[in-house]
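Student: Before I ask anything, here is the structure I am working with.
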Amino acid sequence: MKNKIANALSDFFYEYETPRQVLVRNRRVGVVCRLIQLGVLVYIIGWVFIYEKGYQSTDTAVSSVFTKMKGQGYTNVSGNEKVWDVADYVFPPQGDSSFVVMTNYIVTEGQRMGRCPEVCENAPTCCTDADCEEGSFKRQMTGVCANRTKTCEVLAWCPVEDDHNIPDPPLLMSAENYTLFIKNSVTFPLFDVTRSNLVEGINSSYIGKCLHDPEDAPLCPIFRLGDIVKLSGFNFETIARVGGAIGIVVDWTCNFDLHLKHCKPKYTFHGLYGNPAETDKAKASVGYNFRYARHYMENSVQKRTLYKVFGIRVDIIVQSLARKFDIIPTLTAIGSGVGIFGVATVVCDLVLLYLLPKREFYKHMKFKNTNTYAKVRSSHNPNTTPSPQKVTCDCDSCL
């Protein structure tokens, strides 16, 4: 056992392996080798360099977006005419990248803090005061059963809102003609490049008369709300009635090996919520809505007008990817590709040494053991000359 261990350690520390070049003339192995090398070459050129652009470094942008809506709406509810401007129908009004445009609403006017019966359609009925447990249910109950409505009395803003009948058609169908102006700037820190969606040729004169169209005016930053909804795949009247969400994607995919003027935004539109094809009317939540109140004083009594707003939520999403030639990823891609060429050698060696009928012959030609002491003795013989290590084997004739 000790001798085996000693021999193993001796072999490990005192032996050295060096490649021996053997030229094998075998058609099948030669074809396999060239096919593998061709596949590796196609992968490096087609996938790594052309498709993945492995010769370029990449960077994503730091982005800023602000928006501005324009347009007026008109409603006439029970003879009460009203004109709606931007301050009335856009929430929030600061021009963020995410905002809501009101398209429909339910208004409850003249609310004041007090006691009143719960709305019949969304509250359980009662027969006596015992059926109204004080402090329970969604609102603050007073423990009194209102005889007129047979519902429990609550402490709330009265009269209580009744939001079961949503106006149809939407009250603000005129929102379809509102316009949205998007201003977006992006900075690519790695390449020290800053671009704006107001690219070359987009000036004040052009903005004053343009309207975005994917074919005729793809760079115009002014969008008609009805067109946004249509390009998202929605029907305006359907989404305006109960609300929904739409995403506007501003895509910056730039190649800085070309001139900067070729770095331009591309706008796409996606319906995020409020699919008009949805047939499940019993789902838990339909559309998009929220409430807000306008408080005022009347005869020293605080009152409010409550609005339940149905609207289109617009989310502006910026995507970016910039590329530029860089010697480091280029050399890395080339080096990895050269290394992959070694796969052909490994596969062909496996075929030669383990699969072909004359594999023992190939092993003998590929591997050669040398004796150090014999090598030393032969060096003292002046008639001994070293033989070349490249061996040619006509394998077709050996089979």
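The values are calculated or read from the model by the stated rules, or taken from the named source; none is laboratory data. Worth saying up front: this structure is predicted, and the values here are computed from it rather than measured. Counting neighbours? That spans all protein chains shown, and the Cβs are built from the backbone with ideal geometry, glycine included. Calculation scope for accessible area: heavy atoms of the full protein, side chains included, ligands and nucleic acids excluded. Shrake-Rupley method; radii C 1.70, N 1.55, O 1.52, S 1.80 Å.
Student: State whether one or more residues within segment 164-179 are closer than 30 Å to residue 81 by Cβ, in a strand (DSSP E or B) and in contact with a strand residue (DSSP E or B) (Cβ under 8 Å, 6 or more places away or on another chain). Steps first, answer last, please.
Tutor: Taking segment 164-179 first, the residues closer than 30 Å to residue 81 by Cβ are 164-179.
Filter once more, so that each one left must be in a strand (DSSP E or B): 179.
Cutting the leftovers down to in contact with a strand residue (DSSP E or B) (Cβ under 8 Å, 6 or more places away or on another chain) gives us 179.
Yes, some residue in segment 164-179 is closer than 30 Å to residue 81 by Cβ, in a strand (DSSP E or B) and in contact with a strand residue (DSSP E or B) (Cβ under 8 Å, 6 or more places away or on another chain).
Student: Right, something else. Out of segment 287-312, which residues are crowded, with 17+ Cβ neighbours inside 10 Å and either among the small types (Gly, Ala, Ser) or part of a loop (DSSP other than H, G, I, E, B) (or both)?
Tutor: 287, 288, 311
Student: What tally of residues in segment 295-330 results from selecting those that are β-branched (Val, Ile, Thr) and in contact with a helix residue (DSSP H, G or I) (Cβ under 7 Å, 6 or more places away or on another chain)? Reasoning before the result, please.
Tutor: If we filter segment 295-330 for residues that are β-branched (Val, Ile, Thr), which is where we start, we get 301, 305, 309, 312, 314, 316-318, 327-328, 330.
Filter once more, keeping what is in contact with a helix residue (DSSP H, G or I) (Cβ under 7 Å, 6 or more places away or on another chain): 312.
Counting residues in segment 295-330 that are β-branched (Val, Ile, Thr) and in contact with a helix residue (DSSP H, G or I) (Cβ under 7 Å, 6 or more places away or on another chain) gives 1.
Student: Something else: Output the residues belonging to segment 188-213 that are touching a residue at least 24 places away in the same chain (Cβ under 8 Å) and either open to solvent by 50 Å² or more (accessible area, probe 1.4 Å) or part of a loop (DSSP other than H, G, I, E, B) (or both).
Tutor: Residues satisfying the conditions are 189, 190, 191, 197, 199, 200, 211, 212.
Student: Right, another one. Name every residue in segment 164-187 that is closer than 17 Å to residue 240 by Cβ and open to solvent by less than 70 Å² (accessible area, probe 1.4 Å), in order of residue number. It would help to see each step written out before you state the result.
Tutor: Keep residues of segment 164-187 that are closer than 17 Å to residue 240 by Cβ, which gives 165-180.
Listed by number, the residues that qualify are 166, 167, 170, 171, 172, 173, 174, 175, 176, 178, 179, 180.
Student: Looking at segment 257-274, I want the residues that are under 22 Å from residue 314 (Cβ atoms) and in the same structural domain as residue 318 (by the TED database) and have a partner that is part of a helix (DSSP H, G or I) and β-branched (Val, Ile, Thr) with Cβ atoms under 9 Å, at least 6 apart or on another chain. Which pairs are those?
Tutor: 269/228; 269/229; 271/229; 271/239; 274/238; 274/239; 274/242
Student: Then there's this: Of all residues in segment 234-267, which are closer than 30 Å to residue 322 by Cβ and open to solvent by 50 Å² or more (accessible area, probe 1.4 Å)?
Tutor: Of the residues in segment 234-267, the ones closer than 30 Å to residue 322 by Cβ are 245-267.
Once the filter is applied, which keeps residues that are closer than 30 Å to residue 322 by Cβ and open to solvent by 50 Å² or more (accessible area, probe 1.4 Å), segment 234-267 yields 253, 255, 257, 258, 259, 260, 261, 262, 264, 266.
Student: Same structure again: Pick from 238, 253: which is outside any helix (DSSP H, G or I), farther than 18 Å from residue 69 by Cα and either among the hydroxyl-bearing types (Ser, Thr, Tyr) or in contact with a Ser or Thr (Cβ under 7 Å, 6 or more places away or on another chain) (or both)?
Tutor: Values: 238 fails: outside any helix (DSSP H, G or I).
When all the criteria are applied, what remains is 253.
Student: Would you be able to tell me the number of residues in segment 219-230 that are open to solvent by 50 Å² or more (accessible area, probe 1.4 Å) and at pLDDT 95 or above? So that I can check it myself, show each step before the final result.
Tutor: Just the residues of segment 219-230 that are open to solvent by 50 Å² or more (accessible area, probe 1.4 Å), to begin with: 224, 230.
Going one step further and asking which of them are at pLDDT 95 or above, we end up with 224.
Qualifying residue count, segment 219-230: 1.
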